[in-house]
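Please read the structure below before turning to the comments.
Only the coordinates and a few stated rules stand behind these numbers; no lab work does. Quick caveat, the model's predicted, so the values are computed rather than measured. Here the Cβ positions follow ideal geometry from the backbone for every residue, glycine too, while neighbour counts run over all protein chains shown.
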Amino acid sequence: MPIALLAALGLVSLVTIAVLLPTSRPEEEPAAYATSPDVRRFVTVLGAGALSAAGAFTGYTYIVTFLGDVSGFSPSTVSVLFVGFGVACLAGVSITGALLDRFPQSALATAVTTQAGGMLGLYAFGAHQVAAVVFLMLMGGALGPVFMTTQNAMLHCAPGRTDIALAANSGAYNAGIAAGAAIGALVLPLAEVRGTFLAGGLLTVGSCAALLGGWLLRGHRHTERSTRR
């Protein structure tokens, strides 16, 4: 019976998708191409998103162990904290969504920086329960917006069609998740569970550095163009 129910739900989804799929060719859609194509910006965002995902999941893969062994929370409290983590993620996405059109680049940088602060804060102060909750919520508030803002950036800087750029960004982010879990598995026996959050935080700092480098490079290019004029 459960399998039949799942099959029925799958059939409903199939019919819904078939009805709602656009009939026009992808390249004919209004958002088929980016508003400001920029190969360097595209590569920077891809790399920053992948690094950020790797950083997040280097630590997040072991968050239950961290909250139990380092912070000293009971299993029932850890479950409540996960609910709070999800609420923080939802709040972060909601706030970012309201500001994204006005501040697309700042929103991405803020999300990545917040994630780095949350992870490094957990590493440094995770043994104190109040601090652990605060930094866990910071990390949760950033996790969703990071991917959301990188996808939004694809609509602005994709060098080709935006659907391909969005797929590339999803692939890079998922590769980052897999890499993060693998890095965490390597760090865990060497530096224990706290070390996974240090490693993840540093990877996220690397994502911040990539964004900063891209911003500085764009500023230098704009200055050169202005000088030539």
Please compute the length gained on full extension between A209 and V43, using 0.36 nm multiplied by the number of residues separating them and subtracting their Cα-Cα distance. 58.4 nm
The set of residues whose placed amide H lies less than 5 Å from the amide H of Y33, leaving out same-chain residues fewer than 5 positions away, is T162
Have a look at T35, T58, T96 and tell me which one the Gaussian network model of the chain (Cα, springs below 10 Å) gives the largest fluctuation. T35
Grab the DSSP H runs of the chain that are 4 residues or longer, score each as -39,500 (n - 2.57), total them, divide by all residues and round the 222 nm result to the nearest 500 deg cm²/dmol. -29000 deg cm²/dmol
Compute a Gaussian network model of the chain, connecting alpha carbons closer than 10 Å, and tell me which residue from L51, L216, L122 fluctuates the most. L216
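Using a Förster distance of 22 Å, how high is the FRET efficiency between L90 and V130, based on the Cβ-Cβ distance and rounded to 0.05? Provide the component values of the computation, followed by the final result.
Values: r = 22 Å, r/R0 = 1.01.
For R0 = 22 Å, the calculated efficiency reads 0.50.
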Running a GNM on the chain with Cα contacts under 10 Å, which residue among L166, L217, L11 ends up with the highest mean-square fluctuation? L11
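Starting from 0.36 nm per residue, how many nanometres of slack lie between R102 and L6 once their C-alpha separation is accounted for?
On the way: separation 96, 0.36 × 96 = 34.56 nm, distance 4.13 nm.
Taking R102 through L6 to full extension adds about 30.4 nm, to one decimal.
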Order of V43, V83, V205 under a 10 Å beta carbon neighbour criterion, fewest first: V83, V43, V205
